[in-house]
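Engineer: Quick one: the structure is below, questions incoming.
Readers should treat all values here as calculations from the given coordinates under stated rules, not as data from a laboratory. These numbers come from a predicted model, not from an experiment. FYI the Cβ positions are ideal-geometry reconstructions off the backbone, even for glycines, and counts take in every protein chain you see.
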Amino acid sequence: MNPGFWSNKRVFITGHTGFKGSWLCLMLQSLGARVAGYALEPPTQPSLFSLARVGELVESTTADIRHLDMLCENMHAFRPDVVFHMAAQSVVLTSYEDPVDTYSTNVIGTVNTLEAVRRMRRPCVVVNVTTDKCYENKGWVWGYRECDTLGGRDPYSNSKACAELVGQSYRDSFFPPDRFGEHGVAIASARAGNVIGGGDWTARQLIPETIAAFVKAQPVMLRHPDAVRPWQHVLDCLAGYMRLAEALAEDAPGYAGEWNFGPADADSRPVSYIVESLAAEWGIEQPWKPDAAIHAPEERQLRLDVSKAANLLGWSSRLSLDEGLRWVAGWYRQYHRGADARALCRDQIAGYFERAGSRKP
């Protein structure tokens, strides 16, 4: 990642009020970027966006990604150099309960974002954020590569596969890389693993549920303790998105396309490992119990092959899973002792830049 690239860059983020969006705003603002965000109100209460007072640092618009005219008006007025499309309904279990909202947000929201870019008619770099769950999951013990088949059985995963196809269609139809000199728009998609970090209060997600239980000195109920996922710290994930945007700006035809961002394969671990590791940091002796209730099905095994990003972007996770979990536990423990959320984030961002050898300019 090149911190100097972001100084005075105009960056438009959809979904900036969410967990990852809030961290990205703070990360970019610390590098001197000018950031505008477009999203609904924060999706959780409490929220990192509110506690870290992110709205004071960015130009924030509260609106629905499905409202094309409003999105076009805001994007055109801001005239971004870079667009990160992150607005989404991102919870698998919620997608079973409300598939219509999930599809309309994740698919039409992506159409609207790329259409707003098309109507803007100016050079721009676009990173379309989807998920590792966009692949047709075959239960492999090896990682999925960018060329593997898209799919997804549950509505969330399937909607993100659809969003990938939308991105590919807009790129091929309106912004072909071999005609970049004519249109000046570079589009790539980013498929990240399970992201962990401080300040996440998303309902029905592992880290928020675990921390909530630990605060009450109770064990967390686990639906699928043996399910394996590619876990990575939020700062590693966002550094990957940013490195991809930098590469697109340098060589759009060379980097347009699909990219996985995840941990080393050894850090693809079962859910129970995550909870037990956090418990060791928190001082909880009996951290979890199996949830005997019947739940909607979820995939048991998911891994990512990130060799393309490593070899071509020079990107890899700087924090091991165990280090990342220590950062997560430390963030929440200090927050519950009264520390300021923005200060906690800024300290970890500065520490990450130092770890990655990417000091601020």
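Engineer: Could you give P(r) for the stretch 129-267, binned at 5 Å from zero, as whole percent values over all Cα-Cα pairs?
Structural biologist: 2, 9, 15, 18, 19, 15, 10, 6, 3, 2, 1, 0
Engineer: Another question, then. Please work out the Kirkwood hydrodynamic radius for the stretch 300-361, using every pair of different C-alpha atoms, and report it in angstroms with one decimal place. Intermediate results must be reported in sequence, preceding the final value.
Structural biologist: Working: mean 1/r = 0.0725 Å⁻¹.
One decimal place: 13.8 Å for the Kirkwood radius.
Engineer: Order these by the 10 Å Cβ neighbour count, fewest first: SER47, SER317, SER272.
Structural biologist: Values: SER47 21, SER317 27, SER272 16.
Listing SER47, SER317, SER272 from fewest to most nearby Cβ atoms yields SER272, SER47, SER317.
Engineer: Which of rounded, prolate or oblate describes the stretch 72-159 when judged by the alpha-carbon gyration tensor and an a/c cut-off of 1.5? Walk me through the intermediate numbers first.
Structural biologist: Working: a/c = 3.21, a/b = 1.67, b/c = 1.92.
Because a/c hits 1.5 or more and a/b fails to exceed b/c, the stretch 72-159 counts as oblate.
Engineer: In percent, what relative contact order does the chain have, based on Cα pairs under 8 Å that are 6 or more apart in sequence?
Structural biologist: Values: 723 pairs, mean separation 68.2, N = 361.
Over the chain, the number comes to 19 percent.
Engineer: Tally the DSSP beta bridges in the chain and give the antiparallel ones as a percent, rounded to 5. Kindly include the intermediate steps, with their values, before the conclusion.
Structural biologist: Values: 4 of 40 bridges.
Bridges in the chain that DSSP calls antiparallel: roughly 10 percent.
Engineer: Residues with beta-carbon under 13 Å from that of SER277, excluding SER277: net charge, scoring Lys, Arg +1 and Asp, Glu -1? Walk me through the intermediate numbers first.
Structural biologist: Details: positive: ARG269, ARG326; negative: ASP267, GLU276, GLU281, ASP322, GLU323.
Charge balance in the 13 Å sphere: -3.
Engineer: Set the Förster distance to 22 Å, then compute FRET efficiency between ASN8 and ARG121 from the Cβ-Cβ distance, nearest 0.05.
Structural biologist: Working: r = 22 Å, r/R0 = 1.01.
The value I calculate is 0.50.
Engineer: Mind giving me the FRET efficiency for GLU182 and ALA217? R0 is 56 Å, r the Cβ-Cβ distance, nearest 0.05 is fine. Provide the component values of the computation, followed by the final result.
Structural biologist: Working: r = 62 Å, r/R0 = 1.11.
Plugging the Cβ-Cβ distance into 1/(1 + (r/R0)^6) gives 0.35.
Engineer: Still on this structure, please answer the following. Remind me, relative contact order of the stretch 160-288 in percent, using alpha carbon pairs under 8 angstrom and six or more residues apart?
Structural biologist: Numbers: 151 pairs, mean separation 42.8, N = 129.
For the stretch 160-288, the relative contact order is 33 percent.
Engineer: With the crude spin-label approximation of a point 7 Å out along Cα→Cβ, what separation in nm comes out for HIS295 versus ASN311?
Structural biologist: 3.6 nm
Engineer: Going through the cross-link list LYS20/LYS160; LYS138/LYS308; LYS133/LYS289; LYS9/LYS308; LYS20/LYS216; LYS160/LYS289, which pairs have a Cα-Cα distance over 23 Å in this structure?
Structural biologist: On the way: LYS20/LYS160 17 Å; LYS138/LYS308 21 Å; LYS133/LYS289 26 Å; LYS9/LYS308 26 Å; LYS20/LYS216 26 Å; LYS160/LYS289 31 Å.
Listed pairs above 23 Å: LYS133/LYS289; LYS9/LYS308; LYS20/LYS216; LYS160/LYS289.
Engineer: Calculate one ³J(HN,Hα) per residue across the stretch 267-274 by plugging θ = phi - 60° into the Karplus curve 6.51 cos²θ - 1.76 cosθ + 1.60, and present them in order as whole Hz with x for glycine and proline.
Structural biologist: Along the stretch 267-274, the couplings run 8, 7, 10, x, 3, 4, 5, 4 Hz.
Engineer: Now a separate question. Could you check the spin-label model distance between GLU73 and GLU136? Points 7 Å from the Cα along Cα→Cβ, value in nm.
Structural biologist: Label at GLU73, label at GLU136, 4.3 nm between them.
Engineer: Convert each backbone phi in the stretch 300-306 into a coupling constant with the Karplus relation 6.51 cos²θ - 1.76 cosθ + 1.60 (shift: θ = phi - 60°), then list the ³J(HN,Hα) values in order as whole Hz, x for Gly and Pro.
Structural biologist: 8, 9, 8, 9, 10, 9, 10
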